[in-house]
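All remarks here apply to the structure that follows.
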Amino acid sequence: MSPKPLGSLMSDVEKVASVPVFIYSPDGLCEQRVQWVIEETPVTLYINGKELVTLLCAGHHLDELAVGFAYAEGFLDNLEELHELRIDHEQGRIFLEVQGKDHLAFDLWNKRTISSGCGKGTVFYHALDALLARPMAQGPIFSARTVWERMEDLHGLSQTYKRTHGVHNCALADAEGIVVFRDDIGRHNAVDMLVGHSLLNELPLTDKMLVTTGRLTSEIVIKAAKVGLPCLVSRNTATTLAIRLAQDVNMTLIGYARAGKFTVYTGKQRLA
């Protein structure tokens, strides 16, 4: 499948709706207002005609979400295997035709509904052996200022978050600035979109960092390691398993990037 032209920086489709609400204040007053909320959309993914999973998402950049998810879960190894991608927006369905794939991934997968990214995702942990066998090269050096600036850049990009406070923000970045930005109701979805975007556009990631507002979990580390991302930065915390895995694959893991400070869990050698 031929790569698409490189898309825009922004996650340019806002999936929001206005709803009537009642606001209660400590003094007992009640005021009716209109409030913006993020839409939640179920989208079912089919691979080679088989119904695989229903993803709960904000409903935008579905091509990137599908490709990134399929890659993370072992159903797609490279873009050359992707024969066809078709989206039925009306019915909420995505169809991928993948060539050269045996039945192993399908046999190991039970159909399920994945929640909006709060620990319910299922990355194939049997892929760990392959990741641990090829730790990342030293890669780029990032300054502390770059880490702070990219996190500040991330906060300034999401109009959906400013309106609803209902999405996770995520971006690919380098020393010059944000390269691609995505947001979604689930942090795993946002990362999968970035992975899918990089695959569809043949965007190199070995010189990039992933900047996110979500927790740094083992699944996020595995998703990043599979595409060669050397550095993960979050305004949130990391889990113990994420730290151990990042150490094993020679990844730089940074949390609590806020208020001019950050915590380096692993990979300090990449910081100037």
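Taken together, the values in this text are just the output of simple stated rules run on the coordinates, not laboratory data. Values in this document were obtained by computation on a predicted structure and should not be read as measured data. When we count neighbours, we look across all protein chains shown, and the Cβ atoms used for this are built from the backbone with ideal geometry, even at glycine.
Modelled label positions at Lys162 and Asn201, each set 7 Å beyond Cα in the direction of Cβ, lie 2.2 nm from each other. What shape does the range 131-193 have by the C-alpha gyration tensor, where a ≥ b ≥ c are the square roots of the eigenvalues, rounded means a/c under 1.5, and otherwise prolate means a/b greater than b/c and oblate the rest? Oblate is the answer for the range 131-193, as a/c is 1.5 or above yet b/c matches or exceeds a/b.
Mind sorting Arg258, Arg150, Arg270 by how few other Cβ atoms lie within 10 Å of their own Cβ, fewest first?
In increasing order of surrounding Cβ atoms, one gets Arg258, Arg270, Arg150.
The residue list Thr217, Tyr256, His165 was ranked by how far each Cα lies along the charge dipole of the range 144-270 toward its positive end, using unit charges on Cβ atoms, and Tyr256 comes out on top. Looking at the square roots a ≥ b ≥ c of the eigenvalues of the Cα gyration tensor of the range 144-270, which shape do they give, rounded for a/c under 1.5, prolate if a/b is larger than b/c, or oblate? It comes out rounded by the Cα gyration axes. Shown for Glu90, Glu64, Glu31: other C-beta atoms within 10 Å of each C-beta, ranked fewest to most, produce the order Glu90, Glu31, Glu64. Enter the Cα centre distance for the pair the range 83-97 and the range 229-258, rounded to the nearest angstrom. One Cα centre to the other: 34 Å.
With a cut-off of 8 Å between alpha carbons and a minimum separation of six or more residues, what is the relative contact order of the range 144-270 in percent? Contact order relative to length: 19 percent.
Here the residues Asp27, Asp153, Asp192, ranked from fewest to most Cβ neighbours within 10 Å of their Cβ, fall in the order Asp27, Asp153, Asp192. The aspartates and glutamates whose alpha-carbon is closer than 13 Å to the alpha-carbon of Lys15, local same-chain residues fewer than 8 away aside, are Glu39, Glu40, Asp183, Asp184. Reducing the range 52-72 and the range 167-181 to their Cα centroids gives an inter-centroid distance of 19 Å.
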